[in-house]
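Just below is one structure, and these are the notes that go with it.
Bear in mind that the values in this text are calculations on the coordinates, not laboratory data. Quick caveat, the model's predicted, so the values are computed rather than measured. Heads up, the Cβs are rebuilt from the backbone with ideal geometry, glycines too, and the neighbour counts pull from every protein chain shown.
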Amino acid sequence: MAVLSPSSPDDVLAALQWAAGEGTPVEILGHGSKRGIGWPVQAQHALDLSGLTGITLYEPAELVLSARAGTPLADIEALLAQNRQQFAFEPMDHGPLLGGSEGRGTIGGALAANLSGPRRLTAGAARDHILGVQAVSGRGEAFKAGGRVVKNVTGYDLSKLMAGSWGTLAVATDVTFKVLPAAETETTLALRGQLDEDAAAAMALAMGSSAEVSAAAHLPEGIGRRLAGDLGGDPATILRVEGFGPSVAYRIETLKTLLGAAGPLEELPAGRSRALWRDVRDCKPFADGGEKPVWRISMAPSQAHRMVMALRMQAAVDAFYDWQGGLVWLRMEAGDAEADIVRGLVRQFGGGHATLVRASADIRARLPVFEPQPPALAALAARVKEQFDPKGILNPGRMG
Amino acid sequence: MSSLAMPQPDGATLSRRGEIVADMRVIVPGEGVVDTVNEMRAFESDGLTAYRQLPLVVVLPETVRQVSRILKYCSERNIRVVPRGSGTSLSGGALPLQDAVLLVMSRFNRILEIDFPNRCVVAQPGVTNLGITVAVQEDGFYYAPDPSSQIACSIGGNVAENSGGVHCLKYGLTANNVLGIEMVLMNGDVVRLGGRHLDADGYDLLGVMTGSEGLLGVVTEVTVRILKKPETARALLIGFPTSEQGGQCVADIIGAGIIPGGMEMMDRPAIHAAEAFVHAGYPLDCEALLIVELDGPGVEVDHLIAAVEAIALRNGSTTCRISASEQERLAFWAGRKAAFPAVGRISPDYYCMDGTIPRKELPRVLAGMRDLSDRYGLRVANVFHAGDGNLHPLILYDANKPGELDRAERFGADILRLCVQVGGVLTGEHGVGVEKRDLMPEMFSQADLDQQMRVKCAFDPHHLLNPGKVFPQLRRCAELGRMHVHGGQMAFPDIPRF
């Protein structure tokens, strides 16, 4: 296996022209921090983008940043933090969950995996913040889409199409993202002792209030002690409020009034709050160094706990919820992924999608890692793939 | 606007018109098929009224099954279809074609479900943008994207155009507020993307559909996110002696970490036109007038009003008024919201442009526009979504004077070229449609456009859905699919090369 290590967009173009000409599959890599997600790629060659680095434009007052795709996400986030800005989509670090180290991953990988975090609920995912891309398709042709301004409806939004395509449509060489001011401060309010069902109701109440909660998660019994923030093991329903100091204080009081009757409340100041949400973001409760299957499920918030309750009748699972309950993290305690049961219940409880984020290579090879699609949609997706990569040279097999 | 070239009408389709109308009546019984010239007149143009064309026939389906059957029927017989919502497009996106069925979605006008626990509304595509807010406002909720046409424009049309409004910087565009859609492909397939959960699975086809201007599929159901209405909103009205100072004030507000709910700027001609029309009390001695609206809890709004006022003073504002009541806040907005009709009062006709620029380029673009204004001998007034850089120059002309319309169009095209030159784009929220179609090469190379058209091929391989829009030249999908093999020239060794 040869590893091609381009250091310029032209190198990427040359490499993919060659691969397209030969019909030779290539695996697209950044730091490889998410390589364990999806089916193992069947390719003789790899295109390693970790040398294609550099922040090419950063104008804080314009809220815009462009970088080469291989630029470390950590470097970009550090630069943004220096300017009291951030990626509002709060990209998850998969390192801990997948048994790798923390702080790895590239900006191109963040887009390819459509990363997000707890703030997905209110601020969106990478797809909501990407403004433009330059890329090379599997046809070996360079193209650009979008631009560097927030408001743009000129032509199809191919930048969004790159989000969550796991490198199977085109190789982004340059990406431009919207950035936003970081909150001046934050406080988290923890409501203790709730059952999943009551927690769902409390989160819906909080999210439907004018307290402008930026993230809402529920940590059932035993989860909290596996996270930073010194919550202990009792169930905790956590609500994060971010913004300017006086506003945060006021909105926390609003929430206390709203939820005071539901159970005991605990206030976590900014430091504890930040540490806690970082761990929620990175799925730390299941970052156990092991290989028990872990599902990431997106569903309607009001349905998720019902699905989990039904699932508990059939399988031993450990679970916690982000996104007001709409994001379920599940660890399968018996070691079997139980894909049919899990996906069947998701369909039964209003639909959504389940991704097997972690499992042994053996289990992953036997199961569709990403949610299988109905025939008409699957056919459409296949036609889109063919229009970008007719010879199937980019990450073959990764998404199924 | 005679120069607009639309696809050559298909003679075979035109000659079978009677048969096609009869077949449409079978698929959509009752009042849903309109085929007389008089009745079809109502549909001959959209919000871009300079272009008019009677369609082959107008069909107003009521069910998803009917939409699917119509598209399948047309697909099998090679008949073109133009979808239409409320027809408020400012770029000619719903302009009919002589040989195309005009598929009007206005009878899909019901809200299907209001789901407060999940904070979303499921609506049929013909429901108006404002209709969604009206349905939930008693409970204190609203739908955030608010294009100026929100009283009339449909939510399905909003998806097609990725509509914006004055609150985009803080609350996002349509694309950021739609959770899911159901749509029908040209071959009749019914497909659902997303739902009440976050992030559709697989490729982000929902992201591509949003803003695809009716070329990829016909939306039959939309699920949108609703938000709790902010507790309060207050506005500042700030005047500056130069547009540079106004622009710097905007940059400093954002630099201070403040994202206002709305931030609008007007230039001198727009200020004067608006003041003469609605008497909002705008200062007439400034070159740039900024409206900054802050929303949220009262304590936050008060805190930020003080911060913005200080920033304005630092930037040399000559007036700075802060709304003390809801009535005063609305008065600040009255002039801005009436800017288009106000300009309509001082000129027989006006032509509204829609470029977006990096904000810092505003003084340069305004100066360039003044030069162009002199060269073309036409006045221009500017309103500007200052927060997100979306510029709406209004070119004043008189269609009754020979050549003025043509000059206005050439002036407008030059403004958009200027926007692209400074790093901006051709259209921020009105869409490409037919209006900016032939300017697409200013922004995109042929390779860029080819890849966009290939996406079109995946959805509609025979270019039957809304052809003649967005792309200056439609290339056949078979031609687009051909690979130009570079392998032979590329002596690429099987070893690391870079």
Those lysines that a straight Cα-Cα span of less than 25 Å connects to B:K72, excepting residues fewer than 8 apart in one chain: A:K385, B:K456, B:K469
DSSP-defined antiparallel bridges as percent of all bridges, the protein assembly as shown, nearest 5: 90
For A:A46, net neighbour charge (Lys/Arg +1, Asp/Glu -1) across residues whose Cβ lies under 11 Å away: -1
Euclidean distance of C-alpha centroids, the range A:298-374 and the range B:53-67, integer Å: 41
Global form of the range B:111-228, assessed from the alpha-carbon gyration tensor, a/c cut-off 1.5: prolate
Rg/Rg_ref, the range A:185-281, where Rg_ref = 2.2 N^0.38 Å and atoms are Cα: 0.96
Antiparallel bridge percentage (DSSP; both residues within the range A:2-181; nearest 5): 75
The range B:11-104 - share of DSSP beta bridges that are antiparallel (%, nearest 5): 20
Cβ crowding within 10 Å averaged over residues, with B:170-178, A:153-161 ranked highest first: A:153-161, B:170-178
Per-residue mean of C-beta atoms belonging to partner chains within 10 Å, peptide B:468-474: 1
Gaussian network model of chain A, springs between alpha carbon atoms under 10 Å - residue of A:S209, A:S273, A:S33 with greatest fluctuation: A:S209
Principal-axis tilt of helix A:73-82 within chain A, Cα atoms, nearest 10 degrees: 60
Average Cα contact separation per residue, the range B:111-228, under 8 Å, 6 or more apart, as relative contact order %: 31
Most mobile listed residue (A:P269, A:P220, A:P285) in chain A, GNM with C-alpha springs under 10 Å: A:P269
Violating pairs (Cα-Cα greater than 31 angstrom) within the set A:K151/A:K256; A:K144/B:K360; A:K391/B:K436: A:K151/A:K256; A:K391/B:K436
Chain A, helix-only ellipticity at 222 nm - DSSP H runs n ≥ 4, -39,500 (n - 2.57), divided by all residues, nearest 500: -9000 deg cm²/dmol
Chain A, relative contact order in percent, only Cα pairs under 8 angstrom and at least six apart counted: 19
